[in-house]
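A quick write-up on the structure given underneath.
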Amino acid sequence: MHKVYGNIQGIKTSKLKELQQLYEERQPGDRLVTPEFAQALAAISTDIHQPVCCYINRRGQVIRVAVGTPSQTQIPPEELPRHSAKRLSGIHCLTTQFTSEPPSQAALIAMQRQRLDALVMLNVSDCAKRTSKADRQAKEGFLANLVPDLETPWIISPPLSLDDITELDFDDLVQEWEKEISEAGDGILLSQKIVSEQDRVLLVGVQTDNISSQRFEDGLGELVRLVESAGGIVLDTMRQKRSHPHPQTVVGKGKIEEITLLAQKLGANLIVFDRDISASQARNLESEIGIRVVDRTGVILDIFAQRARTQEGKLQVELAQLEYMLPRLRGRGQEMSRLGAGIGTRGPGETKLETERRVIQRRIAQLQQEVNQLQAHRARIRHQRQEQEIPVVALVGYTNAGKSTLLNVLTNAEVYTADQLFATLDPTTRKVVITEPETQERRTILLTDTVGFIHELPPSLIDAFRATLEEVVEADVLLHVVDLSHPAWASHIASVQEILQDMPTIPEKSLIAFNKIDQVDSETLAKVQQDYPQAVFISATKGLGLETLKVRSLQLIDETVEAIPEAQNVVSQNSY
C-alpha cells in the first residue's frame, strides 16, 4: 500500500484511500497533468479542507502524495535524484491552494531547494457547503519554474486556465529551461549541491525589551562560538527587535520570509535561535521555513554529546538530551525506536506518539536512578578524602576560561584542552603539593576541575549534571577562574555567581583568579587590579602568578579550617 505523507491526522479512511489511488494514475510524459487528474486532486483537497501535493516524475509516475503545502511536504534531499547542479531533478509538483494568489515565497523556495522541474498551483474552492460538482473543481492556476538568476531564481506565469495548463508541451519546456541553466554556468542551482559534513548555519537573534544591546550582541557572539564548537559553519546572522517573542513563531511573519529567502540563498541547512524556543514554536518555524530549527540549548546539548568521554559523562548527557527531547516528540516518526519498546509494550488504543513518550519516560527514570547511584559513589569518594583530611579546591568558571589548562599546569595532568566552549565535561581531581614560603612545609591539596558554566545554563543540564556539580558543593574552597581577555568577562562573573547562588550550599571561601593576563593591555590590567584587590592575576599558559595563586589558596584553606572549630563552639554553646 502506498504511503500518504504530510499531515494526515483526522482524515477519514475513505479519503486516505482516494489519496492512495492517486499513485495509480499515470500521466502523459509530455504533459504536466491531465484535466481528469487535476479535477480529482481538486475534489479530494476540497473534501478534506487541506492542500494536497503530488510529485510526478518525467515518466508520468506519481512518486509522492502528501497533505500540506509544498514547503511542508518537501522530498528529503537523500531521496531526490542525484543530478548535476546544472540540471533539474526530473520531478514536478502539482498542488492545490484555496486562494487565487500566486505561489507563496515559501512554496517557491521549496521548489528551488528540490530543483523541481516546475510547480503547478491549482486554485480550488474551499466551500463549507459544496452544493454542486463545480464547487469541487479547479478552473485556473499558476505555473512556476526555475531560472539561473541569483536574485530572483524563478518565474511565475500569469493566471492560466486549466485548459492552458494541461495543453502545455512539458517536454519542450523542460528542455528549454535546462538549456538556459546549463548555459548560465554557475547558476543558482549550484547552491543546492554544496557537499559538506558540517551544518551550514544561519543564526537568528531576537532582542526583547529586557535585553540591553551589549548583552544581546555578546550573546550572539557566544552563539557563534557555540555553533563552531559543535562543528557547524556560521554563514550569517539575522536580528529582530521585538517587545516580546511571538508566541507561535518567536519572530514575525515578515522576518520568517526573510530568514527563508536568506537561508536558501546561502545554502543553509540549519537555523539556530539565540534563545530557548518551545517545541511548538520549533515545529511552526520548521513548517514555515522548511529547514531544521534548533535553539541555544539544542546546540549546547550537541556539544555535550560530542565531548562526553567517560561512561558517567555520557550517562548525564543522555539524561539531559531525553528531557529536552520529550516535549519535542511530535512528528519525529520512528526515530525513538532505537530507545527500546517492542511487542507487548503498546497499550490498547495507544498511539505511536504515546508509545514513544512512554519509552522515553521509562528511560529517563532509569537514567535518574543511575545518576543517583553515581551521586552515592561520588559521595563515598568524597568521604574517603575527608577522612584523610586533604583539603579540596574546586575550579569553577565560565566555559573556556582556562580551568583545565590551569589544572594541567599545576598537577601535570593530561586533561583535554582546546580553544572551544565546553572542551571538557567530566570532573577530574588531582593532587597538588605546595611548599609554604615561610615554613618550607610541603602540603598536599586536591584540585578538582568541573564542567564550565555559561549564561543561562539550561535547567536540564543543571539537573543532569548535579552529580558533577556536587564536587563544587563539597569543596573547601572555590577558585573562580575568569578569562580576562574576553570582552564580556564581567558578565561571565555575574553568570557564574548566579548559578552558584542557585546551589544548595557552596564553600564560604572563594578566590577569583583572572587568567590570560598576557593577552590584555596594561591599562585594563591595572584597572581590574584596582577593582578586585583580593583577586590573583595569572596566565596558565605562560606560568605567570602561579606561586601567588598557590599561596593564596593555602591561606583560604587555613581560614576555612580555623572557622570550623569556632562554628562548632557556637553550636555547642547554643545546645545548653
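So here's what we get for this one:
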quantity: Selection within segment 5-60 - crowded, with 21+ Cβ neighbours inside 10 Å, closer than 25 Å to Leu88 by Cβ and β-branched (Val, Ile, Thr); calculated: Val33, Val52, Ile56
quantity: Where a residue in segment 50-64 is in a loop (DSSP other than H, G, I, E, B) and its partner, wherever it lies, is surrounded by 20 or more Cβ atoms within 10 Å (Cβ to Cβ) and of a type in the set (Phe, Trp, Tyr), with Cβ under 6 Å and at least six apart; calculated: none
quantity: Checking Leu80 against (1) surrounded by fewer than 23 Cβ atoms within 10 Å (Cβ to Cβ); (2) of a type outside the set (Lys, Arg); (3) closer than 12 Å to Thr95 by Cβ, the condition it does not meet; calculated: (3)
quantity: Evaluation of Glu286 against (1) in a helix (DSSP H, G or I); (2) touching a residue at least 12 places away in the same chain (Cβ under 8 Å); (3) under 20 Å from Leu202 (Cα atoms) (one fails), failing number; calculated: (2)
quantity: Scan of segment 1-32 for residues that are part of a loop (DSSP other than H, G, I, E, B), under 25 Å from Leu143 (Cβ atoms) and touching a helix residue (DSSP H, G or I) at 6+ places or on another chain (Cβ under 9 Å), ordered by number; calculated: Glu25, Gln27, Pro28, Gly29, Asp30, Arg31, Leu32
quantity: Residues of segment 293-311 satisfying the condition of being assigned to a helix (DSSP H, G or I) and in contact with an Asp or Glu (Cβ under 7 Å, 6 or more places away or on another chain); calculated: Arg296, Thr297
quantity: Matching residues, segment 250-274, being surrounded by fewer than 18 Cβ atoms within 10 Å (Cβ to Cβ), in contact (Cβ under 8 Å) with a residue 40 or more places away in the chain and either in contact with a strand residue (DSSP E or B) (Cβ under 8 Å, 6 or more places away or on another chain) or part of a loop (DSSP other than H, G, I, E, B) (or both); calculated: Leu262, Leu266, Gly267
quantity: Which listed residue, of Leu447, Leu421, Leu469, is at pLDDT 85 or above, surrounded by 19 or more Cβ atoms within 10 Å (Cβ to Cβ) and of a type in the set (A, V, I, L, M); calculated: Leu447
quantity: One residue from Thr524, Thr541 being over 35 Å from the mean Cα position of the chain (by Cα), surrounded by 13 or more Cβ atoms within 10 Å (Cβ to Cβ) and farther than 26 Å from Asp476 by Cβ; calculated: Thr524
quantity: Strands (runs of 3 or more DSSP E) fully within segment 82-164 counting 1 or more residues that are within 16 Å of Val52 (Cα to Cα) and at pLDDT 80 or above; calculated: 91-97, 118-123, 140-146
quantity: Conditions (1) modelled with pLDDT under 85; (2) crowded, with 21+ Cβ neighbours inside 10 Å; (3) over 20 Å from Gln361 (Cβ atoms): number failed by Ala282; calculated: (1)
quantity: Filtered residues of segment 500-521 (kept if over 36 Å from the mean Cα position of the chain (by Cα) and modelled with pLDDT of 90 or more); calculated: Asp521
quantity: Residue count for segment 1-37, restricted to those that are more than 40 Å from the chain's Cα centre (by Cα) and among the aliphatic types (A, V, I, L, M); calculated: 1
quantity: Glu217 being part of a helix (DSSP H, G or I) and in contact (Cβ under 8 Å) with a residue 12 or more places away in the chain; calculated: no
quantity: Segment 225-249, subset within 30 Å of Ala488 (Cα to Cα) and among the polar types (S, T, N, Q), residue surrounded by the most Cβ atoms within 10 Å (Cβ to Cβ); calculated: Ser229
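Results for (1) in the same structural domain as Glu217 (by TED's automatic domain parsing); (2) closer than 24 Å to Arg215 by Cα; (3) hydrophobic (A, V, I, L, M, F, W, C), shown as yes or no for each residue.
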position: Gln240; (1), (2), (3): yes, yes, no
position: Leu262; (1), (2), (3): yes, no, yes
position: Leu266; (1), (2), (3): yes, no, yes
position: Ile277; (1), (2), (3): yes, yes, yes
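The values are calculated or read from the model by the stated rules, or taken from the named source; none is laboratory data. This one's a predicted model, so the numbers in the text were calculated from it and none came from an experiment. Counting neighbours? That spans all protein chains shown, and the Cβs are built from the backbone with ideal geometry, glycine included.
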